[in-house]
Amino acid sequence: MAEILVLYYSRSGATAELARQVCRGVESIAGASARLRTVPAVTAESDAPARPVPESGAPYATLADLTETQGLVLGSPTRFGNMAAPLKHFLDGTGSLWLSGALAGKPAGVFTSTQTLHGGQETTLVSMMLPLLHHGMYLVGLPYTERALNETRSGGTPYGASHVSAPGSAPTLTDTEKALAQALGRRVASLAVQLSRA
Ligand SMILES: Cc1cc2nc3c(=O)[nH]c(=O)nc-3n(C[C@H](O)[C@H](O)[C@H](O)COP(=O)(O)O)c2cc1C
């Protein structure tokens, strides 16, 4: 069994919705299951979360979630073309795993949500890839053999899944955004299953 950690930060729910679609893709692969986790918000002064567990939704991630799982799909809303601080804060705490090589050789993919079509989806996706490369993870993208990538007029990129959100309204993913988020989950999960059998 290959378990895939779907780890995200989301303030207004759009990236969380993408994460749920990634989980659907993971769970559609025989021998794979998804573990959904989030990270707490940070302030300039906080090292520990204000609450030990979130009021609702996915539990907060720990380093054990990274070591116990066989793959990772990482998601963040865009913040000025970059990943959001809470996710970066969590990743900055993974130095011990880098030292031991605990994540080396595991597959990983990334996803994001922006407010505008050209507001930095690709740069945010790449910003999340950089620490994963340092950890030695195998990066998985989305190929144009996924039909939805040719058809989308909203989110979805070769670098990872994405969504273009409407300000002030509940997140509504388009069919192509959903299809590509699920495809990303499937691709990471099927590679993890293959690697676990090798
Ligand atoms: C501080 C800040 C910076 C942002 N920067 C960008 C940006 O560079 N480009 C963009 O399109 N949207 C930007 N946004 C909008 C969010 O990325 C967008 O609303 C996203 O869908 C929110 O995801 P969430 O619902 O998961 O929190 C920014 C929002 C905030 C609060």
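Okay, here's what the table says:
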| item | result |
| --- | --- |
| Centre separation in Å (Cα based) which lies between the stretch 10-49 and the stretch 148-198 | 14 |
| Local electrostatic count, Ala189, Cβ distance below 14 Å [Lys/Arg +1, Asp/Glu -1] | +4 |
| Phi-based couplings in Hz for the stretch 126-132 (Karplus 6.51, -1.76, 1.60; Gly and Pro marked x) | 5, 4, 6, 5, 4, x, 5 |
| Packing-based order for 93-105, 22-34, using average beta carbon neighbours within 10 Å, highest first | 22-34, 93-105 |
| Translational D in µm²/s for the stretch 1-85 (Stokes-Einstein at 10 °C, 1.306 mPa s, Kirkwood Rh from C-alpha pairs) | 117 |
| Cα-based convex hull volume of the chain per residue, rounded to whole Å³ | 114 |
| For His134, His89, order by how many other beta-carbon atoms lie within 10 Å, fewest first | His134, His89 |
| Simple Cβ-charge dipole of the chain, Lys/Arg +1 and Asp/Glu -1, about Cα centre, in debye nearest 20 | 260 |
| Three-way shape label, the stretch 125-165, alpha-carbon gyration tensor, a/c 1.5 | oblate |
| Taking the chain and dividing mean pair separation by its residue count, relative contact order in percent (alpha carbons under 8 Å, at least six apart) | 29 |
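Every number in this text was worked out from the coordinates using simple rules, so none of it is lab data. Remember, predicted model here, so these are calculated numbers, not experimental data. Neighbour counts are summed over all protein chains in view; Cβ atoms, including those assigned to glycine, are modelled from backbone coordinates with ideal geometry.
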